[in-house]
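Inspection log for the structure reproduced underneath, given as structure tokens.
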Amino acid sequence: MTWAFPGLFVVLWSTGFIGAKLGLPHADPIVFLELRFLFVLAILLPLCWLFRAPWPSPRRAMQMAVSGGLLQAGYLGGVFASLHHGMPAGVSALVTGMQPVLTAVLGSWLLRETVTARQWLGFILGMAGVLLVVGDRIVVESLGATAVGLSVFALVSITLGTLWQKRHGAGVDLRTGTAIQFMAAAVILAPFAALEGGQVRWTGEFVFALAWLVVVLSFGAIFLLLILIRRGRATQVSSLFYLVPPTTALIAWPLFGETYSLTAAAGMGLAMLAVWLVMKT
């Protein structure tokens, strides 16, 4: 069933924006993330002990902690904080949707991965598709530099995290490696959560959003991402992120009444073509 992993990953990862939209009105962004990480660890650590998952050496553990700082604290913290500071979800998705291009450039340099002309064409088509899907939702007025900077920070973090995980993640047990990542992210974000004051309203909507992000995103999407990074080239895995903004728009259509026009559908098609071009061997 590994052939289904890329599509399943895209769908699950896309719901992260939905969970954030549901939960952020009821809690400060970093406090929300800190609660998510702590609940994940409360489940994952006993599972590691129960199944006697092997723990990495101190050197490998430190490398996984760096991955956690980039993939969990940096990326998710940047996205949630940017949304909190007024960044529209569509613009945030567009900025982080540039990850495949940045990964291709850095991957060809750091990982010595060859990027073909066909793959560069795929990257260009993917960006065009993302622009078509979220273009109608880009709001320039009153968009502060803080919100933009946080989204760019999230983009750089997940790009560097993907490359770092590809280089250093091989051979580390996914269960304990992921636990180390979440522990590192929780430690990094703890001071920022304390500064926010810990405001949380435990409504039914917030509890559902938190549970969804813990179970579906942290255990489903994150593990799938790590499996895909381990098995594929960094440029191929990152190209899947082109499908996240259009898929998020498609999910938000029935849930929040957000329109999904023919133009957006065309963008979805372009993004799918882009992924096929990049991943075709």
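Dividing the summed -39500 (n - 2.57) terms of all DSSP H runs of n ≥ 4 by the residue count of the chain sets its mean residue ellipticity at 222 nm at -23500 deg cm²/dmol. For segment 1-48, the square roots of the Cα gyration tensor eigenvalues, ordered a ≥ b ≥ c, give a/c of at least 1.5 with a/b no greater than b/c, which places it in the oblate category.
Could you work out what % of the accessible surface of the chain is carbon and sulfur, using a 1.4 angstrom probe and leaving DNA, RNA and ligands out of the count? Write out the running numbers ahead of the final one.
On the way: 9080 of 12560 Å².
With neighbouring chains kept in place, the figure for the chain is 72 percent.
Taking all protein chains as shown and a probe of 1.4 angstrom, residue 148 keeps an accessible surface of around 60 Å².
Averaging the sequence gap over all C-alpha pairs within less than 8 Å and six or more residues apart, then dividing by the number of residues, gives the chain a relative contact order of 40 percent. Computed over segment 156-214, the convex hull of the alpha-carbon atoms projects to a mean area of 5.6 nm². Provide the net charge surrounding residue 168, with neighbours chosen by a C-beta distance below 10 Å and charges set as Lys +1, Arg +1, Asp -1, Glu -1. Cβ neighbours under 10 Å give a net charge of +4. Of the DSSP H helices in the chain, those that are both long (alpha-carbon extent of 30 Å or more along the helix axis) and hydrophobic (Kyte-Doolittle mean at least 1.6) are 29-50. Taking all protein chains into account, the per residue accessible area for segment 35-88 stands at 49 Å² (1.4 Å probe). If you sort 175, 112 by accessible surface, 1.4 Å probe, largest first, the order is 112, 175.
Taking a ≥ b ≥ c as the square roots of the Cα gyration tensor eigenvalues, segment 59-209 comes out oblate, since a/c reaches at least 1.5 and a/b does not exceed b/c.
Considering only alpha-carbon pairs that sit under 8 angstrom and 6 or more positions apart, the relative contact order computed for segment 1-136 is 25 percent. Here is the P(r) of the chain: all C-alpha pair distances, binned every 5 Å from 0, give 1, 6, 12, 17, 20, 18, 13, 8, 3, 1, 0 in whole percents. Among 244-250, 209-215, 188-194, sorting by the average number of other beta carbon atoms lying within 10 angstrom of each residue, highest first, gives 244-250, 209-215, 188-194. With the convex hull drawn around the C-alpha atoms of segment 140-281, the volume per residue stands at 165 Å³. Each Lys and Arg adds +1 at its Cβ and each Asp and Glu adds -1 at its Cβ; summed about the Cα centre, the chain shows a dipole of about 1040 debye. For segment 1-107, the spread of Cα coordinates along the three principal axes comes to 43, 37, 31 Å, biggest extent given first.
Each semi-axis of the equivalent ellipsoid for segment 184-226 is √(5λ) with λ an eigenvalue of the Cα gyration tensor; in descending order they amount to 22, 18, 4 Å.
Rolling a 1.4 Å probe over the protein heavy atoms gives segment 148-277 an accessible area of 42 Å² per residue.
The values are calculated or read from the model by the stated rules, or taken from the named source; none is laboratory data. What you see is a predicted model; the values in this text were computed from it and never measured. Cβ coordinates were reconstructed from backbone atoms using ideal geometry, including for glycine residues, and neighbour counts include every protein chain displayed. Just so you know, the surface numbers come from the protein's heavy atoms only, side chains and all, with ligands and any DNA or RNA stripped out. Shrake-Rupley method; radii C 1.70, N 1.55, O 1.52, S 1.80 Å.
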